[in-house]
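The values are calculated or read from the model by the stated rules, or taken from the named source; none is laboratory data. All values reported here derive from a predicted model rather than from experimental measurement. With ideal geometry, Cβ positions are generated from the backbone for all residues, glycine too; neighbour counts draw on all protein chains shown. The area values use the complete protein model at the heavy-atom level, side chains included, leaving out ligands, DNA and RNA. Shrake-Rupley method; radii C 1.70, N 1.55, O 1.52, S 1.80 Å.
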Amino acid sequence: MTTVNNPYLPELATITKIIEETPNIKSYQVVFDDQEKMGRFSFEPGQVGQLSVFGTGESTFVINSPPTRMEYLQFSVMKAGEVTGVLHDLAEGDQVGVRAPLGNWFPYEEMKGKKILFIGGGIGLAPLRTLILFMLDNRDDYDDITIIYGARTPPDLCYKDDLKDWEARADVNLILTVDAEYPEWDKRIGFVPTVLSEVAPSSENTVAITCGPPIMIKFVLQGLAQLKFKDEQIITTLEKRMKCGIGICGRCNIGSMYVCKDGPVFSLAQLKQIPPEL
Amino acid sequence: MAKLGYLPKEKLTALLEALSKEQRLFVPCQAGDAVLFQQYDATKTPCLDRPATTPPKGIIFPQDDTLFTFTYHKDAEDLKKVSVELKENLDVAPTIIFGARPCDAKGFLIYDRPYTETDTPDPYYKKRRDMTAIMTLACPAPSPGCFCTSVGGDPADKDGSDVLITQLESGYLFESITEKGETILQNSLFEEGSSYQEQAQRTHEAVAELVRKPFQVTEELTQKVLSLFENDSFWEEEANKCISCGACTYLCPTCYCFNITDEQAGSSGERIRTWDACMFYHFTLEASGHNPRALKHQRLKNRVGHKFSYYPQKYDGAIACCGCGRCVRYCPVSVDISEIVAHAQEYTNDHGE
Amino acid sequence: MTIERLKEIVHKVLPDVDVVIGYRQGFDALHATPFFITKPEEVDELIWGPLCVHNLAAYLPSLTKNKKIAVIVKGCDSRTVNQYLQENLINRENTVIIGIPCSGVISVKKVLKGLGDQPIEAVSGDGDKITVTTSQGDKALSLSEVSPDKCRTCQYPTPLIYDHLAGDPISPDKPAESVYDDVREFEKLSLGERWHYWETELSRCIRCYACRNACPMCICQDKCIAESRDPHWMTQRLNGTEKLMYHMIHALHLAGRCVECEECTRVCPVEIPVAKIKKKINMEMAELFGYKAGVGVEDTPPMFTFKVDEEKIEEHEL
Ligand SMILES: Cc1cc2nc3c(=O)[nH]c(=O)nc-3n(C[C@H](O)[C@H](O)[C@H](O)COP(=O)(O)OP(=O)(O)OC[C@H]3O[C@@H](n4cnc5c(N)ncnc54)[C@H](O)[C@@H]3O)c2cc1C
Ligand code: SF4
Ligand code: SF4
Ligand code: SF4
Ligand code: SF4
Ligand code: SF4
Ligand code: FES
């Protein structure tokens, strides 16, 4: 017997595929065990889910497969602690719990007709991937798409198959970079913010969406300001420790705003309205 | 029309007996030197003379609760294949809370907004809340540290209660506030009460006079508290004596934060929900080691901020403190939230923030 | 008068330190509260008397790392300072100790119990009596009636270590051999009775950790096993097993370190006499190793050292 709409009760799902993205990031494709629910499930690009390993706990990950491809839901997990550690030990065929979708999403309707600039670092490409694939599946709705993506070393770059794909496409401008020289690396070298300044994309009719480590974000925002991006043109995602994911348990607040429910997606203009507690 | 019932003092035990037969009845009882809400039976010693040490929030929002249990089953044919089964845990019995204070009852109104007035209501809280009646005792005297009248309350406030009880010289006057309360007052132990109403009214007014009034809520208060957000030295000064424990939040009738953890033994286990609080270091600690509220003044700022600024911003100006004074009374070092609010008002007035 | 001498001393040391930690009046007449003094004009608010119950030395480890701190300590509190020095937990160079000879403090809880938990309007002290005023009138209480357990057996009314002493030394007048009488009395109960006692007492615990955080010698604090999932020895459940586990861990980590300040008991909101558990261990420590924590600066805590042949521990034959 279960209550309809118990927001704490995860949906059981099975891992159908595991992809080793980098030495410490794995992607998990999961499918709800209840086929009917899988068929009915819908979400928006940027929304997150809580993955459960029963006995260990729950952690928050962005759904990084787009709503336009619903054969499975994909989550990418960087090994960071208890739950992510155990997730890394799971195999295809294992069961997990999923509570999704949670949170808000990228305002893709407002981006229609605009140039899109994605700037990502490391695992920060995960939420961007959802939106990138979503836009590629609705390619006509958007103007130029530029992706600047960097990681520490080439093996640390996520979604290598996608990167190959995007590189081959004429309608995407992909710029890859790594922090330092590396054998056989023939693309850019340098930190993401530096590459951003070198590429110097125009801010005109453009929306910039950025996600990555805090230090990268900090300098990317400075770089974007120099390129005359207005706060309303810059979108990022926030991260806070989470538990409930539905705005009740109290830990993810910044002032009166709850990252789990009012976020994780914010424009820089919105962020400037809330107290600085990151 | 409110129903009025009078109960002579010597019939109190009989009433508690009668109520406890029909549903779970929680009454403040002497427990060691503390007073705690306990499920009533003949072995308990009810104590109505002072507010309970801990608020009744645990009756509707238990300090530890099982959200669901899980069991791993091995497939009989393919031993490597394991499937998991979940069982929701939502058994709730009808309950009466007897002898809460008006501030205790109001605490639940503050819970209600995030827990039930949302698009993702909390079924555990809601079910218990719906099945609980609250019989509140108007405070016969203020308690050390309390300040309900500063936050829009009153020692005889009816908000959030189903019945209001007033202690009179030789008995109690019971007044129903809701339908739930009216049903309770149908018990044959009650005598006609209307002739005692005036006496009760006088008591209420006399007690209200005795409550201290450390500050006054104004429309600008939420903005004033918020304007101090980046003023570290203000918060450091308020927090320097704080020892970062959980007394103030765990004893607070309005503090509603929680943790969720899994526990497993063998092939089965449970996901539990337990109280947690923003005064603890761990509350916001992230896996990377980063902690947005690593310092105690940042945490105190969140506690005061949540009650007097963030919550009211979110919910139509409602202050998330009912002035029960427990955090003041039981703080190991007497951090006084009402004093901090008063300081915030003074500071912003003096510095024109 | 002690308070005048105290203020003089504070004025004198204030220019050389970042903060002086003393007491001032709290939210009502019965409660004192720790007072962090940084400006000379604040010194006048300083109070001293039987309401000054807190062990202010407990603030030292977190503060003396990079600040210079003066702290007011009573006789019992001074053991905390000594123990910190034994365990190298504070920087002596950054610490100024202002000692106060003390003839006893009150237990706020005991006073309130004697008064039906009314708000206190005024308190006046007079020798071994205090008079407390509520809206119901005055009530006189003898200090011995409302003193915490530690004062009843106090052996160190004058601080054992100080840089300045505000007042004339007071000699102990309580028999040293009776310090652990309450433990011995309790031990006369059967195992079943003692178990029942602690089961009942600990059933009230809400795991607020006030006892841990107030304890000057609990040094793990944010890294406490009670909240950790790595290692995952305890759950967040509120049952008897978990509570007992938490309190046993606290007590055992205090073995040979507990300075008997009884802060843990004082701060417990649900009035669990948790210091009793530690007192039993202290008694064992005294009997086994002849050691009392925080009494001498030069002592070595028994758990910090090792003797091949312990005088009072019988080895199992291998
Ligand atoms: C909106 C959002 C989206 C995220 N998306 C991804 C993603 O796509 N891929 C990815 O690898 N990581 C993502 N993270 C970070 C990820 O949630 C944490 O790394 C993860 O929860 C750590 O869990 P743990 O149990 O291994 O760590 P522990 O340190 O053992 O954490 C204990 C518990 O604290 C909570 N917690 C700790 N750190 C965080 C954190 N940074 N964010 C949220 N909860 C935390 C979790 O409930 C966790 O179970 C996201 C975080 C947020 C807030
Ligand atoms: S304010 Fe008091 S009760 Fe609250 S955490 Fe600080 S010391 Fe503990
Ligand atoms: S903040 Fe303090 S006074 Fe206000 S409701 Fe909570 S415990 Fe009571
Ligand atoms: S004050 Fe802190 S613990 Fe209490 S409800 Fe607010 S955020 Fe939660
Ligand atoms: S255990 Fe209790 S008595 Fe011992 S040092 Fe700690 S607080 Fe003081
Ligand atoms: S102070 Fe009391 S209630 Fe709090 S953890 Fe310690 S024993 Fe438990
Ligand atoms: S995760 Fe619980 S409120 Fe945001």
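Quick notes
- Only lysine pairs 8 or more places apart, or on different chains, with alpha-carbon atoms under 21 angstrom apart are counted in segment A:115-237, and they number 6.
- Eligible lysines near B:Lys80 by straight Cα distance, threshold 24 Å, same-chain separation 8 or greater: A:Lys17, A:Lys26
- Only helices enter the 222 nm calculation for the protein assembly as shown: every DSSP H run of n ≥ 4 contributes -39,500 (n - 2.57), and dividing by all residues gives -8000 deg cm²/dmol, rounded to 500.
- Buried area at the B:C interface is about 3600 square angstrom, summed over both chains, from accessible surfaces computed with a 1.4 angstrom probe.
- Taken over the alpha carbons of segment C:180-306 as equal point scatterers, the Debye sum produces base-10 log I(q)/I(0) values at 0.19, 0.22 Å⁻¹ of -1.16, -1.42.
- Pairs over the 32 Å Cα-Cα cut-off, from the set B:Lys3/B:Lys57; B:Lys57/C:Lys113; C:Lys7/C:Lys276; B:Lys9/C:Lys110: C:Lys7/C:Lys276.
- If a spin label sat at a point 7 angstrom from the Cα of B:Tyr315 along the line to its beta carbon, the backbone N atoms of segment B:221-259 nearer than 11 Å would be those of B:254-256.
- Taking a point 7 Å out from the Cα of A:Asn24 in the direction of its Cβ, the residues of segment A:82-124 whose backbone N falls within less than 20 Å of it are A:82-90, A:120-124.
- Axial C-alpha extent at least 20 Å, average Kyte-Doolittle at least -1.0 - helices from chain B (DSSP): B:102-116, B:337-351
- C:Asp299 sits with roughly 70 Å² accessible to a 1.4 Å probe, with DNA, RNA and ligands left out of the calculation.
- Calculated SAXS-style log₁₀ I(q)/I(0) at q = 0.10 Å⁻¹ - segment A:115-237, Debye, Cα scatterers: -0.27
- Cα convex hull of the protein assembly as shown, projected area averaged across orientations, nm²: 46.9 nm²
- Compactness of chain A, expressed as Rg and Dmax over alpha-carbon positions, Å: 18.4, 60
- Only alpha carbons enter this Debye calculation for chain C, each as an equal point scatterer, and the log10 of I(q)/I(0) it gives at q = 0.09, 0.10, 0.12 Å⁻¹ is -0.50, -0.62, -0.90.
- Distance (nanometres) between label positions extended 7 Å along Cα→Cβ at C:Leu244 and C:Glu145: 3.8 nm
- The ratio of the alpha-carbon radius of gyration of segment A:11-102 to the globular-protein estimate 2.2 N^0.38 Å is 0.98.
- A simple spin-label model places the labels of B:Lys87 and B:Ser288 4.2 nm from each other, with each point 7 Å out along Cα-to-Cβ.
- Put simply, when C:261-274, B:67-80 are sorted by average Cβ atoms within 10 angstrom per residue, most first, you get C:261-274, B:67-80.
- Cysteines (scope chain C) whose Cβ has no counterpart Cys Cβ under 4.7 Å: C:Cys52, C:Cys76, C:Cys102, C:Cys151, C:Cys154, C:Cys205, C:Cys208, C:Cys220, C:Cys224, C:Cys258, C:Cys261, C:Cys268
- Relative to the longest principal axis of the Cα atoms of chain C, the long axis of helix C:2-13 makes an angle of roughly 90 degrees.
- Accessible surface of chain B [probe 1.4 Å, protein heavy atoms]: carbon and sulfur percent: 47 percent
- Paramagnetic reach from B:Thr118 (point 7 Å along Cα→Cβ, amide N under 15 Å) across segment A:262-278: A:262-264
- Full extension of the chain between C:Glu93 and C:Glu315 gives 75.7 nm of extra length, using 0.36 nm per residue less the Cα-Cα distance.
- Pairwise FRET efficiency - A:Gln270 versus A:Asn205, Cβ, R0 = 25 Å, nearest 0.05: 0.75
- With a simple spin-label model that places each label point 7 Å from the Cα along the Cα-to-Cβ direction, the separation between A:Ala170 and C:Ser171 comes to 10.5 nm.
- The aspartates and glutamates within cross-link reach of C:Lys39, meaning a Cα-to-Cα straight distance under 16 Å and a gap of 8 or more places when in the same chain, are B:Glu236, B:Glu237, B:Glu238, C:Glu8, C:Asp16, C:Asp18.
- Take chain C and mark each of the chymotrypsin sites (Phe, Trp or Tyr not before Pro) that is in a DSSP loop with at most 14 other Cβ atoms within 10 Å; the longest unmarked stretch, sites excluded, is C:1-232.
- Relative to the longest principal axis of the Cα atoms of chain A, helix A:214-226 runs at roughly 40 degrees.
- For chain B, B:Cys29, B:Cys47, B:Cys139, B:Cys146, B:Cys148, B:Cys242, B:Cys245, B:Cys257, B:Cys278, B:Cys321, B:Cys331 have no disulfide-compatible partner, since no other Cys C-beta lies under 4.7 Å from theirs.
- Those residues of segment B:242-278 for which accessible area with every protein chain present is at least 50 Å² below the isolated value (1.4 Å probe): B:Ile243, B:Phe258, B:Ile260, B:Asp262, B:Glu263, B:Arg271
- Taking N as its residue count, the alpha carbon Rg of chain B over 2.2 N^0.38 Å: 1.10
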